[in-house]
Structure formats: structure tokens, C-alpha cells
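Notes to accompany the following structure.
The values are calculated or read from the model by the stated rules, or taken from the named source; none is laboratory data. These figures come from a predicted structure and were not determined experimentally. Virtual Cβ from ideal backbone geometry, glycine too; neighbours counted across all protein chains shown. Keep in mind that these areas ignore ligands, DNA and RNA; they rest on the heavy atoms of the full protein, side chains included. Shrake-Rupley method; radii C 1.70, N 1.55, O 1.52, S 1.80 Å.
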Amino acid sequence: SLDIYAIINCARSLKNLTLSNDYLENLENFSAYLNEELLFNKALIDMSINKFPSLNSIVLTSSIYGNVVPNPVLGGGNIDTYPQQYGVAKSALQYLVKDFAIRLRNLNIKVNAVALGGLKGRNSPNFKKKYLDLNATSEMLDVHECIGVYRFLISEESGPITGHTINVDNGFTLC
């Protein structure tokens with residue numbers, strides 16, 4: 001058996017993150033995305049605690065959209081460009097982190113999340129300019145800047161921190 005001490009998950013399916021003019025299709029995508037996101041993470045945790053007896057830390061990846069609704073300014077003034085299921089799933093994931101922190105406390109397993117926002121990447125120049133105007137540092141987040149937070153949460157230095165979601169978003173959720 002492997003000595004696994006920490007599990008970090010950053011899974012996301014784009015399959016059901018689509019928007020349609022068809023109400024029933026949107027409802028189906030909404031339900032499917034929530035099921036995928038939450039059931040996958042629950043199954044990962046359940047499997048991990050049974051398979052890895054040395055496990056002491058689980059860190060899930062969420063999004064700032066689990067904490068705040070999308071800013072219409074970023075979507076060209078139209079909030080309907082954002083699939084609701086994404087934010088709802090990320091908010092539910094943050095609840096799941098709290099729930100598992102309580103359920104796994106007797107096993108001495110910490111469960112936390114990192115909510116990322118404003119990652120550099122596939123952003124249009126227009127989105128990037130608007131995002132920079134709306135965050136505290138006027139910068140996009142480089143994926144390499146996130147590693148330290150994960151490293152801290154799986155380390156002994158994080159001590160009693162469990163059941164929490166840490167925002168890593170250059171202050172976007174403050175503005």
C-alpha cells in the first residue's frame with residue numbers, strides 16, 4: 001500500500017456547462033453538472049479514506065463563483081452568459097468541504113478547498129481588461145502562484161485549519 005498523506009483534486013467537466021435557448025436542455029445540463037461535480041468529489045473522498053490509511057489532508061479546488069455571483073460587467077452586461085450550474089456546484093462543493101471536515105475529524109483528516117479566480121489563460125483581451133479593473137491588485141492570477149496555498153494546506157503548518165475555503169483571486173471578491 002502506498003503512503004498517501006494528501007489528496008488534491010482539481011477536476012471539472014465542461015460537458016454540461018453549456019447554455020441553450022431550450023429551457024429543458026438547460027435544466028438537464030444544470031442537473032447533470034451538479035451530479036458530476038458533487039458525486040465525483042464525494043466518491044473521491046470516500047475511496048481515499050478507505051484506500052489510504054495514512055491520509056491526513058484533502059484539498060478540493062473550487063472557484064470564486066462558489067462565493068459570489070458573476071459580475072455582469074465581465075459578461076458584457078449580461079449575466080445570462082454564465083451557466084448557473086457552475087456557481088451552484090462550486091457553492092455546494094464548499095459546503096461539502098465543511099461537511100466532510102466534521103465527518104472526518106475522528107480520522108484526523110483535514111478537508112479544505114481553494115477557490116481560484118482570474119487565472120491567466122483563455123481570457124479574451126476584453127474580459128482581461130474588465131477583470132483587472134475589478135480586482136484589488138489589477139493582475140491576473142498565474143497558476144504557479146496557487147501552488148503555495150495547496151502546499152500550505154497539506155502541510156503540518158496549517159495545523160487546525162479544516163473545513164475552510166481559501167480565496168486565491170488577487171482580491172477580486174473584495175471589490
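Which of the peptides 160-166, 144-150, 18-24 is most tightly packed, and how do the rest follow, judged by the mean count of other Cβ atoms within 10 Å per residue?
Working: 160-166: 16.6, 144-150: 13.4, 18-24: 9.9.
The most tightly packed comes first, giving 160-166, 144-150, 18-24.
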(request) List every residue whose amide H lies under 5 Å from the amide H of ILE58, counting only residues 5 or more places away in sequence or on a different chain, with H placed 1.01 Å from N in the peptide plane. (result) ILE7, LYS110, VAL111, ASN112
(request) Starting from the Cα-Cα distance between ILE147 and LEU24, subtract it from 0.36 nm times their residue separation and give me the gain in nm to one decimal. (result) 40.3 nm
(message) To the nearest 20 Debye, how big is the dipole of the chain about its Cα centre, given +1 on the beta carbon of each Lys and Arg and -1 on that of each Asp and Glu?
(response) 160
(request) Relative to the longest principal axis of the C-alpha atoms of the chain, give the angle of the C-alpha long axis of helix 23-51, reported between 0 and 90° and rounded to the nearest 10°. (result) 20
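Per the Kirkwood formula on distinct C-alpha pairs, the Rh of the chain is how many angstrom? Mind showing how you got there, number by number?
Numbers: mean 1/r = 0.0579 Å⁻¹.
Across the chain, the inverse of the average 1/r is 17.3 Å.
May I ask you to rank ILE102, ILE45 by accessible area, largest first, using a 1.4 Å probe over the protein chains only? Can you show the working numbers first?
Numbers: ILE102 100, ILE45 0 Å².
In descending accessible area the options line up as ILE102, ILE45.
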(request) Would you please give the FRET efficiency between PHE40 and LYS98, computed as 1/(1 + (r/R0)^6) with r the Cβ-Cβ distance and R0 = 22 Å, to the nearest 0.05? (result) 0.75
(message) Give me the one-decimal nm value for the distance between modelled label points at ASP80 and ALA32, 7 Å along each residue's Cα-to-Cβ direction.
(response) 2.2
(request) Over all alpha-carbon pairs of the stretch 25-106, lay out the pair-distance distribution in 10 Å bins, whole %, shortest bin first. (result) 16, 41, 27, 12, 4
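Hey, what number do you get for the chain at 222 nm if only DSSP H runs of n ≥ 4 count, each worth -39500 (n - 2.57), divided across all residues, to the nearest 500? Each step should come with its number before you reach the end.
Details: 4 runs with 67 residues, N = 175.
Rounded to the nearest 500, it is -13000 deg cm²/dmol.
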(request) For the stretch 69-175, build the charge dipole from Cβ charges (+1 Lys, Arg; -1 Asp, Glu) around the Cα centre, then report which of LEU141, CYS175, SER124 sits farthest towards its positive end. (result) SER124
